[in-house]
Amino acid sequence: MAMTPGNLVEPSQRVSVGWVVRFSLAWIGLYAGLFGPLQVLLPQQVEALAPADKEATLALVLAAGAVCTLVANPLFGALSDRTRSRFGRRRPWIAVGFGAGAVAIALLAAAPAVPFVVLGWCAVQVLLNAPLAALSAAVPDEVPAAQRGTAAGYLGLAFIVGVGTGTGLAVLGGSTEVGYVLCALAALGFSLPFVLVGPPDRHPAAPARGWGEFLRGFWINPVRHPDFGWGFLTRFLVNLGNAVVLLYLFFFLDDVVGLADPAAGVLALTAIYSAAMLGSVVVAGTCSDRLGRRRVFVTGGALVMAGAAVLISVWPTWPGAIAAAVALGIGFGTYSAVDFALLTQLLPTADDRGKDLGVLNVASSLPQVLAPAIAAPVVTAVGGYSALYLVAAAVETAGAVLVYRIRSVR
């Protein structure tokens, strides 16, 4: 271990290939369990239950789930920081979260009405945020700073495979009910190698705190920690723009492009997007490590994402959607691989890595709450889908530019 300014304890030994593989598989399961429902199954279920008001109903379901993540992610991160067990402080939350989350996904298939869909999706989001928080904290726990871009690149690769797996299972299952069960099995199965294989982490649990101090710890003063504040804001803006782009993709393909099978269209665009992302995610992370620079990759990736939103706005056709999917894949691959590595270098203390990353993950979750509030009125009352995607591009551009307000990481 090495000490850095501010008494932040940094790992110094490079992680093994086996650790990276097990870690990546767990993320594949997590993304399959979340994005199969998010991309295909929830829109299908909502359209069947509330066809006359599908946009607003889907917005309600997704916003409710996102509100749950705002609390669950930092809370589970803080609890994992302070967990003492023979299996380490992160692994119990990973195991319990995946197990219970898989059950919640499977039960969502039986939801008979919209209120039950809302409750079911909230349960899925809460439970799967336990492994999300613990797996995120495992990176600064185990991976040295000079290897984090590469590790984050493989995390991005896991995102590609996980989203593709979840979307594929959702579509190929043949029905909404079977799709949910397949996504639940994928989430559980891919998590097992990380849960069952390898030694537990040896990091001591953070000191116990009273409830008052524990709750106050969730506020990280941006004046005392300005780079942490800028990191939060830029991640929030880029993810808000991306959430606006993706929120109504199923309905955009159905209502504007006019595809006969919009679910198959989502699957095709996901495959194209994933292939494009595959070409950038690991390369960007590795180059970031070698050059010792993070900001240029984060800014460049976010600007390409903004360009994809503009493209789909001015060219609202199937070829335009394909071109935008390619650009979005390249941009998001570059952005996501390096942004996570950058953020792990902005954490205030070693004791609270899980909690602090949970707070930063709020910057990814909060857009899911706000995106429907922005998107629904734009689509229905202002300028339709073209205006919506221009709004997304403007928000992503603001996030890209503000990355250079971060001073402590190049």
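Bear in mind these aren't lab numbers, they're just calculated from the coordinates by the rules spelled out. All values reported here derive from a predicted model rather than from experimental measurement. As a convention, Cβ positions derive from the backbone with ideal geometry for all residues, glycine included, and neighbour counts pool all protein chains shown.
If I take every Cα pair under 8 Å that is 6 or more residues apart in the chain, average their sequence separation and divide by the length, what percent do I get for the relative contact order?
Numbers: 770 pairs, mean separation 110.4, N = 410.
The normalised contact order for the chain reaches 27 percent.
Quote the relative contact order of region 75-195 in percent (integer), defining contacts as alpha-carbon pairs under 8 Å separated by 6+ residues.
Relative contact order here is 33 percent.
Neighbour counts of other C-beta atoms within 10 Å: give me Arg90, Arg22 arranged from fewest to most.
Numbers: Arg90 29, Arg22 19.
Result, fewest neighbours first: Arg22, Arg90.
Put +1 on the Cβ of every Lys and Arg and -1 on every Asp and Glu Cβ in the chain; which of Val244, Ala66, Phe340 then has its Cα farthest towards the positive end of the dipole?
Going by the Cα projections, it comes out as Phe340.
How do Asp289, Asp261 line up, fewest other C-beta atoms within 10 Å first? Show your work: numbers first, answer last.
Values: Asp289 21, Asp261 12.
Ordered from fewest to most neighbouring Cβ atoms within 10 Å, Asp289, Asp261 come out as Asp261, Asp289.
Angle check, please: helix 114-142 long axis (alpha carbons) against the longest principal axis of the chain (alpha carbons), in degrees 0 to 90, nearest 10.
30 degrees
Pairing the Cα long axis of helix 91-108 with the longest principal axis of the chain, what angle in degrees results, from 0 to 90 and rounded to the nearest 10?
Helix 91-108 sits at roughly 10 degrees to that axis.
Show that you can apply the helix-only estimate: for the chain, add -39,500 (n - 2.57) for every DSSP H stretch of four or more residues, divide by all residues, and state [θ] at 222 nm to the nearest 500. Numbers along the way, then the final one.
Numbers: 16 runs with 300 residues, N = 410.
Calculated from helices alone, the mean residue ellipticity at 222 nm is -25000 deg cm²/dmol.
Taking only Cα atoms, what is the 0 to 90° angle, nearest 10, from helix 148-172's long axis to the longest principal axis of the chain?
Between helix and principal axis, roughly 30 degrees.
Taking a ≥ b ≥ c as the square roots of the eigenvalues of the Cα gyration tensor of region 1-102, is the shape rounded (a/c under 1.5), prolate (a/b larger than b/c) or oblate?
On the way: a/c = 2.69, a/b = 2.18, b/c = 1.23.
Cα axes put region 1-102 in the prolate bin.
How far is the Cα center of region 288-364 from the Cα center of region 158-198, in Å?
With region 288-364 and region 158-198 each reduced to a Cα centre, they are spaced 24 Å.
What does the highest-first list of 316-326, 152-162 look like by mean Cβ count within 10 Å?
Numbers: 316-326: 17.2, 152-162: 24.2.
Put in order of decreasing packing, that is 152-162, 316-326.
Sorted from fewest to most neighbouring beta carbons within 10 Å, what does the list Ser12, Ser365 look like? Display every interim value, and only then the final one.
On the way: Ser12 10, Ser365 25.
Ordered by Cβ neighbours within 10 Å, fewest first: Ser12, Ser365.
Choose one answer from Gly301, Gly265, Gly36: the residue with the largest mean-square fluctuation in a GNM of the chain with alpha-carbon springs under 10 Å.
Most flexible of the set in this elastic network: Gly265.
Under a GNM of the chain (C-alpha, springs under 10 Å), which listed residue has the highest mean-square fluctuation: Thr234, Thr57, Thr299?
Thr57
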